[in-house]
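Student: The structure under discussion is supplied below as structure tokens; questions concerning it will follow.
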Amino acid sequence: MIASRARFRHAKKIERLAGYRVPELAFSPVMLETITSHFNYDALDFAIRDQLLSFFNDFLRCKCKNSPMCGCPEKKFAIKVLELRENGLDHRQIAAYLSDEYGIEVFPADVLSFLEESVHVLEAISDVARLQGHEALATKTDDHIRLIER
Ligand SMILES: [Zn+2]
């Protein structure tokens, strides 16, 4: 899962503000709890605050009762990476985008292996769909594969 590889560049600042130990992994439970609870965003530099708010808006907004521990944030992040690829960014550009937009660091090599794994999963979905006669789903899945692989 690509989300488990995502680290916040400014995790130390977040930790200092929180006043307790926070792992740098962006989607670790402690980090998610910290930035969704009584966290003083105003005490952060403007640029970092901006990145954290983008992170919050793009990945942490869902209506699940147990949010942010519901799995949605990790899923939304994975979908975001796939969307960036389908919009034509390569794995290095995706890593750079995540860094600029969210202050998140992911190794380009991890992005690349995530994209390859995703293609394998999609190929399996496409095969099963075709076997079961769901031609429309198979075709749609093939379109995604083509966009990721190009
Ligand atoms: Zn949720």
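Student: State the three equivalent ellipsoid semi-axes of the stretch 1-86, derived from the C-alpha gyration tensor as the square roots of 5 times its eigenvalues, in descending order and whole Å.
Tutor: Largest first, the stretch 1-86 gives 21, 15, 12 Å.
Student: Sticking with this one: Bin all alpha-carbon pair distances of the chain at 10 Å intervals from 0 and give each bin's fraction as a whole percent.
Tutor: Using 10 Å bins, I get a P(r) of 11, 36, 31, 15, 6, 1 for the chain.
Student: Which trypsin sites (Lys or Arg not before Pro) from the stretch 24-100 combine a DSSP loop assignment with at most 10 other Cβ atoms within 10 Å?
Tutor: Of the trypsin sites (Lys or Arg not before Pro), the ones in loops of the stretch 24-100 whose Cβ has at most 10 other Cβ atoms within 10 Å are K63, K65.
Student: Give the angle, between 0 and 90 degrees and rounded to the nearest 10, that separates the Cα long axis of helix 46-59 from the longest principal axis of the Cα atoms of the chain.
Tutor: For 46-59 against the chain, the angle is about 40 degrees.
Student: Excluding F59 itself, what net charge comes from residues whose Cβ is under 10 Å from its Cβ, given Lys and Arg +1 and Asp and Glu -1?
Tutor: +2
Student: Using Cα atoms only, what is the angle between the long axis of helix 108-131 and the major principal axis of the chain, expressed in degrees (0 to 90) to the nearest 10?
Tutor: Roughly 40 degrees between the two axes.
Student: Also: Rounded to the nearest 10 degrees, what's the angle between the helix 91-102 long axis and the longest principal axis of the chain, both from Cα atoms, 0 to 90?
Tutor: Long axis of 91-102 versus the principal axis of the chain: about 40 degrees.
Student: Just tell me which lysines come within less than 24 Å, Cα to Cα, of K140; anything on the same chain fewer than 8 places away is out.
Tutor: K75, K76, K80
Student: Please give the net charge around A138, taking every other residue with its beta carbon less than 15 angstrom from that of A138, where Lys and Arg add +1 and Asp and Glu add -1.
Tutor: That works out to -2.
Student: Where does the charge balance sit around A96 when Lys and Arg score +1, Asp and Glu -1, over other residues with C-beta under 12 Å from its C-beta?
Tutor: Taking every Cβ under 12 Å from that of A96, the sum is -3.
Student: Among the aspartates and glutamates, which fall within straight-line cross-link reach of K63, defined as a Cα-Cα distance under 19 Å, with same-chain neighbours fewer than 8 residues apart omitted?
Tutor: In chain and number order, the partners are E33, E74.
Quick note: the coordinates plus some simple rules give every number you see, no bench work behind them. Predicted model only: the values in this text are computed from it and were never measured. Here the Cβ is made from the backbone with ideal geometry for all residues, glycine too, and neighbour counts use every protein chain on show.
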